[in-house]
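The values are calculated or read from the model by the stated rules, or taken from the named source; none is laboratory data. If you're wondering where the values come from, they're calculated on a predicted model, not measured in any experiment. A quick note on method: Cβ atoms are made from the backbone with ideal geometry, for glycine too, and the neighbour counts reach across all protein chains shown.
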């Protein structure tokens, strides 16, 4: 086996060990906070495994480490361990944090050249974090994403179709980046019974929307079986601590002689160290989900008018 291939194998084994630690993390731990620590550890490993003696340039080590991370991410997706959408979201920030880990390790190797054991000890840092009760810094924010469309149909008809969305056929689905490229689950149906909308998405996703009093069609999200949301992300629950899905709301307003302006809003709470990075992803995901539903409602309402 070539030395470089052997080093890549060692890096892969370390990454697998670090990844396995996720399964020891208590359910109320901020997983994204730990993921950043693990990414930093992979930066340590990238420098120590691929260039222990600092004979290579910084960007050569970054390139090899990034390539190794891409291969590992692809393997996790192919083995159905992680979702495409989850990998697409976390991989760019993980590579950036790993680059910081590489830079830190090179600095330490230069400063303590005769004490390489000190640098090797860095590899243990991400592996012990799951057993340490370490506070996770975060930026708690309540975020709302709103999508607006105008439908050429009366308000009553549009509202009735929104309250009960029968099974969406494949040819009714619009193209979206998150559904067609990143393979995220997409809305399939929603039926209202006794004040509860029962939402079904593809890939087995199921949850409830408990209707709220008032003139709008509004609800509070409920997840009686959180395990059914795993197709979105295997470890991040919609009930927190990183993301908490709060409420959804349709607002129907007359537009013109026989039209309806529909606003669909989803509100959630985000509490992570990387909120500024994740908010655009949340906007993309929710806007695509909104459009997937509103497109179907509009087509059905306009066809019936």
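So which of 224, 213 ends up being within 24 Å of the chain's Cα centre (by Cα), outside the structural domain of residue 82 (by TED's automatic domain parsing) and loosely packed, with under 14 Cβ neighbours inside 10 Å? Step through it out loud before you land on a result.
On the way: 213 fails: within 24 Å of the chain's Cα centre (by Cα).
None of the others qualify; the one that does is 224.
From the list 156, 124, 162, 100, exactly one residue is modelled with pLDDT of 80 or more, over 22 Å from the mean Cα position of the chain (by Cα) and over 30 Å from residue 296 (Cβ atoms). Which is it? Lay out the reasoning, then the answer.
Values: 156 fails: over 30 Å from residue 296 (Cβ atoms); 124 fails: modelled with pLDDT of 80 or more; 162 fails: over 30 Å from residue 296 (Cβ atoms).
Going through 156, 124, 162, 100 in turn, the sole match is 100.
As an exercise: evaluate residue 237 against (1) crowded, with 19+ Cβ neighbours inside 10 Å; (2) touching a strand residue (DSSP E or B) at 6+ places or on another chain (Cβ under 7 Å); (3) at pLDDT below 95 and give the number of the one condition it does not meet.
Just one mismatch for residue 237, condition (2).
Quick one: which residue in 267, 272 is over 23 Å from residue 168 (Cβ atoms) and at pLDDT 95 or above?
Selected residue: 267, the only one of 267, 272 that is over 23 Å from residue 168 (Cβ atoms) and at pLDDT 95 or above.
For (1) closer than 27 Å to residue 275 by Cα; (2) at pLDDT 80 or above, each residue gets a yes or a no:
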{"residue": "19", "(1), (2)": "yes, no"}
{"residue": "40", "(1), (2)": "yes, yes"}
{"residue": "44", "(1), (2)": "yes, yes"}
{"residue": "52", "(1), (2)": "no, no"}
{"residue": "57", "(1), (2)": "no, yes"}
{"residue": "67", "(1), (2)": "yes, yes"}
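Residue by residue through region 278-305, note down the ones that are within 17 Å of residue 241 (Cα to Cα) and in contact with a helix residue (DSSP H, G or I) (Cβ under 9 Å, 6 or more places away or on another chain).
278
Scan region 127-146 and give yes if some residue there is farther than 30 Å from residue 20 by Cβ, more than 31 Å from the chain's Cα centre (by Cα), modelled with pLDDT of 80 or more and in the same structural domain as residue 203 (by TED's automatic domain parsing), otherwise no. Lay out the reasoning, then the answer.
From region 127-146, those farther than 30 Å from residue 20 by Cβ are 141-146; that's our starting set.
With more than 31 Å from the chain's Cα centre (by Cα) added as a condition, the list becomes none.
Taking every residue of region 127-146 in turn, none turns out to be farther than 30 Å from residue 20 by Cβ, more than 31 Å from the chain's Cα centre (by Cα), modelled with pLDDT of 80 or more and in the same structural domain as residue 203 (by TED's automatic domain parsing).
Yes/no per residue for (1) assigned to a loop (DSSP other than H, G, I, E, B); (2) surrounded by 14 or more Cβ atoms within 10 Å (Cβ to Cβ); (3) in the same structural domain as residue 163 (by TED's automatic domain parsing); (4) in contact (Cβ under 8 Å) with a residue 60 or more places away in the chain:
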residue: 183; (1), (2), (3), (4): yes, yes, yes, yes
residue: 192; (1), (2), (3), (4): no, yes, yes, no
residue: 208; (1), (2), (3), (4): no, yes, yes, no
residue: 219; (1), (2), (3), (4): no, yes, yes, no
residue: 232; (1), (2), (3), (4): yes, yes, yes, yes
residue: 254; (1), (2), (3), (4): no, no, yes, yes
residue: 265; (1), (2), (3), (4): no, yes, yes, yes
residue: 287; (1), (2), (3), (4): no, yes, yes, yes
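Considering 93, 72, 102, which residue is crowded, with 16+ Cβ neighbours inside 10 Å and farther than 20 Å from residue 10 by Cα? Even if it seems obvious, please write down each step before you answer.
Values: 72 fails: farther than 20 Å from residue 10 by Cα; 102 fails: farther than 20 Å from residue 10 by Cα.
Just a single option satisfies the conditions, and that option is 93.
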